[in-house]
1. Counting only GluC sites (Glu not before Pro) that sit in a DSSP loop (anything but H, G, I, E, B) with at most 16 other Cβ atoms within 10 Å, what is the longest stretch of the chain containing none of them?
2. For the chain, with the dipole built from +1 on Lys and Arg beta-carbon atoms and -1 on Asp and Glu ones, taken about the Cα centre, which of V509, V201, I312 lies farthest toward the positive end?
3. Specify whether the C-alpha gyration tensor of the stretch 63-183 places it in the rounded, prolate or oblate class, a ≥ b ≥ c being the square roots of the eigenvalues: rounded for a/c under 1.5, otherwise prolate if a/b is larger than b/c and oblate if not.
4. Can you work out ³J(HN,Hα) from phi for every residue in the stretch 307-313, in order, using Karplus 6.51 cos²θ - 1.76 cosθ + 1.60 and θ = phi - 60°, giving whole Hz and x for Gly and Pro?
5. List residues of the stretch 27-43, by number, whose backbone nitrogen lies under 19 Å from a label position 7 Å along Cα→C-beta of S245.
6. Regarding the stretch 478-532, what whole-number volume in Å³ per residue does the convex hull of its Cα atoms give?
7. I'd like to know which of P112, I260, N287 lies farthest towards the positive end of the charge dipole of the chain, counting +1 on Cβ of Lys and Arg and -1 on Cβ of Asp and Glu.
8. With respect to the cross-link table entries K139/K475; K146/K199; K139/K374; K111/K135; K106/K210; K95/K475, which display a Cα-Cα separation exceeding 30 Å?
Amino acid sequence: MSRPLTMIAAAIVLAAASLVADAALAQKSGGVLRLTHMDNPPSASIHEEATISTVMPFMSVFNNLVIFDPKTKQNKPEVIVAELAESWAWGNEGKTLTFKLRSGVKWHDGKPFTSADVKCTWDGLIGASEARFRKNPRKSWYFNLKQVSANGDQEVTFHLERPQPSLLTMLAGAFSPVYPCHVNAATMRTKPIGTGPFKFVEFRQNEGMKLAKNPDYWKPGLPYLDEIEFTIIPNRSTMVLAFVSGRFDMTFTSILTVPIMRELQQQAPHAVCEMLSTNTQANLLVNREKPPFDDARIRRVLALALDRKAFIEILSEGKSDMGGAMLPPPAGVWGMPLETLSAVPGYSPDVEKSRDEARKIMKELGYGPDKPLKLKVSTRNIPSYRDPAVILIDHLKQVHVEAELEPLDTPVWYARMLRKDYSIGMNVQGVGIDDPDVVFYETFACGSERNYTQYCNPELEKLMHQQSQMTDFEKRRALVWEIDKKLQEDGARPVISHGRGGTCWQPHVKGVNIAVNTIYNHWRFEHVWIDK
């Protein structure tokens, strides 16, 4: 290289270094981040809840052993980084996973974090200790976990019955924080204590939540914000007006539909907005144990009534995606292609043909225009649930089913689903992690707490166990497609669409990063800062 070129190259390197330094210096400390929230979280205990309503405001109170790199746009095993664990290693032919823990970390009440806290958390999740959790929606994730053992204060090992590579992936999600062993479950529901960048301040029903900076956070220099405030505004129009007026810095994640986000951007063209796949799916819940839905013919009628394309056009102006249980590509890693789905009942583009078949079945069962099947469609009383429920009711009319909407407040909705106290439900299911073990075991495994439809297929569950142990990606994905197709054919939990949702923030809010295949795992807020 000639001398002039050498000098130019050196100048480029120096300029790049300067830009990096300037970017680091540009991050300002201080300020309050004000966000809208869509409804009352059932509680502040992430391990006991199954909703983004709890995760988004309270994830920053905690830390995980490992986490998906918050700078990446797609959650997958290759981007997992250490958090409370400094390192990890597999052993015993994939049946043990050992973590070396970070030293010097303190809980918000000043007590030291140790391996005992990790063991205590997962002992509670698998039922190996006194019941710490009133609800345990992800117990099914850990069906393969025999025990957790501590080797001194700074090392812990997860012991599995058989190999399960996805365990590390599950531990990286927002639903897997480490809890303090010395704090009881009741306190964690109302005044949670963690090791995270923010401390709990208050949680007021129908009003909101407040968090304050943890001055003793173990990550030097973080967080940048002094406080985070969530204000509950159930009405989307009111929320949009409040954001446009500058009262709030950020909307609740994925709360904006396509037309509402367009309206917001027209009124606030300066806003930064993203419309992304959420890895939430609208699906039909049918209580298979409750007559007449214990009859497979009635369940088939309900599946045949669905016009998925109409749902997608009406709710998202064609932006949402059609798929099975797994998030479809390209955002999803494991989802079936549409051509595989086209032969499944209810997925045919010839909707009228499907509905003709449904009406014939109803006639055989004694139903018709003058004698419809009457039922209630239960759903959560927030717009993202009510909107598809209204469309569902219209579709059911086409096959001699007369339905009435039953909106339920969030705590009541989840309690009813867990008790299986419903007939038909319109559900919007969030998938915390794009991995088959998470979706299959949580939603369809026999006896799982979140298996709201009580579907149980022991032969299919054997295939679930088989794919769970596989390390060859292509072979595992082929088996996942086979399982997913069977679930849709069985009407286990008919998937209507995979949603997309918009999130907006003011231009002075920096450091926000939302993944393309989940809305759940990027709410530490430790890298977010305000530039004003």
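Read-outs throughout are calculated quantities, based only on the coordinates presented, and are distinct from any laboratory measurement. Just so it is clear, the structure is predicted and the values come from calculations on it, not from any experiment. Methodologically, a virtual Cβ is constructed for each residue, glycine included, from the backbone with ideal geometry; neighbour enumeration extends over all protein chains shown.
1. 318-448
2. V201
3. It comes out rounded by the Cα gyration axes.
4. So the J values, rounded to whole Hz, are 10, 4, 4, 5, 3, 5, 5.
5. 33-39
6. On the way: hull volume 6.1 nm³, N = 55.
Taking only Cα atoms, the stretch 478-532 has a hull volume of 111 Å³ per residue.
7. Going by the Cα projections, it comes out as P112.
8. Working: K139/K475 27 Å; K146/K199 33 Å; K139/K374 35 Å; K111/K135 26 Å; K106/K210 21 Å; K95/K475 21 Å.
Checking Cα-Cα distances, K146/K199; K139/K374 exceed 30 Å.
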